[in-house]
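A.B. asks: Pasting a structure here, questions to come.
We did not get these values from a lab; they are worked out from the coordinates using the rules stated. Not measured: the values here are computed from a predicted model. Here the Cβ positions follow ideal geometry from the backbone for every residue, glycine too, while neighbour counts run over all protein chains shown.
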Amino acid sequence: MSGTILGLLGVTLAAAMGELLLPSEGKGGTKAFLHFLTALILLLLLVRPFFAFLQTEELPLPGELAFADEEALTADYQQMFSGAVAARSANQLREGVTSLLVQKFHLSEKSLWVGVVLNDDGELQEIAVHLSGEALLCDPQEIEAYLKEYFTCKVEVR
């Protein structure tokens, strides 16, 4: 309801300022159009609260913000944030394991693929390493044993 009152005041003030700025032209012209437009907007603003009885949900005026349930928004943002942190952590862990294997076994980054799986809590669940190219000459069990020294999760090397 306060949005309607503020809308009425705003339109009235804007119309008054516009009428003061426009030159007088007699009966027709720009002032007559301004009067018509102001009357139409004021009529719409006055009738709008009566339509609220017909609708179950109030529609916001243009320029008004429709506020949602703050707790639901907070929960959604917290889920999005924790998902983004988990994804970033998985990427950094993947890069770290890749560089560790490249340095230890003298492999190229193109010859291995490292996958990291996190559970719903963001904890490390599994590390998977797929070897290709020159890395196929390395012993997968040696790589697996090396990674198990650092990680307590399931490690799979193929």
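A.B. asks: In nm, to one decimal, how far is the GLU142 label point from the PHE33 one, both placed 7 Å along Cα→Cβ?
C.D. replies: 8.6
A.B. asks: Report the local net charge at HIS130: Lys and Arg +1, Asp and Glu -1, summed over other residues whose C-beta lies under 14 Å from its C-beta.
C.D. replies: Once positives and negatives cancel, what remains is -2.
A.B. asks: Here is a further query. Any idea how far apart LYS154 and ALA16 come out in nm if each label point goes 7 Å out from Cα toward Cβ?
C.D. replies: Here the answer is 7.4 nm between the modelled labels.
A.B. asks: Treating the beta-carbon of each Lys and Arg as +1 and of each Asp and Glu as -1, no other charges, what is the dipole magnitude of segment 70-157 about its Cα centre, to the nearest 20 debye?
C.D. replies: 380
A.B. asks: Taking only the alpha-carbon positions of segment 2-51 and ignoring solvent, what does the Debye formula give for the base-10 log of I(q)/I(0) at q = 0.14, 0.19 Å⁻¹?
C.D. replies: Rounded to two decimals, the profile gives -0.39, -0.63.
A.B. asks: Kirkwood hydrodynamic radius of segment 67-158 from all distinct Cα pairs, in Å?
C.D. replies: Result for segment 67-158, one decimal place: 14.7 Å.
A.B. asks: Additional query: What are the residues whose amide H is under 5 Å from the amide H of CYS138, where those residues sit 5 or more places off or on another chain and H is modelled from the backbone?
C.D. replies: none
A.B. asks: Would you mind calculating the gained length between THR4 and LYS104 on full extension (0.36 nm times residue separation, minus the Cα-Cα distance), in nm to one decimal?
C.D. replies: Here the segment from THR4 to LYS104 would lengthen by 29.0 nm.
A.B. asks: Follow-up question, since we're still on this one. Only Cα pairs under 8 Å and at least 6 apart count here; give the relative contact order of segment 2-51 as a rounded whole percent.
C.D. replies: It rounds to 49 percent for segment 2-51.
A.B. asks: How do ILE41, ILE5 rank when sorted from fewest to most other Cβ atoms within 10 Å of their own Cβ?
C.D. replies: ILE5, ILE41
A.B. asks: While we're here: Under a point spin-label approximation (7 Å from Cα along Cα-to-Cβ), what is the ARG94-VAL117 distance to one decimal in nm?
C.D. replies: Each label point is offset 7 Å from its Cα along the Cβ direction, giving 1.5 nm.
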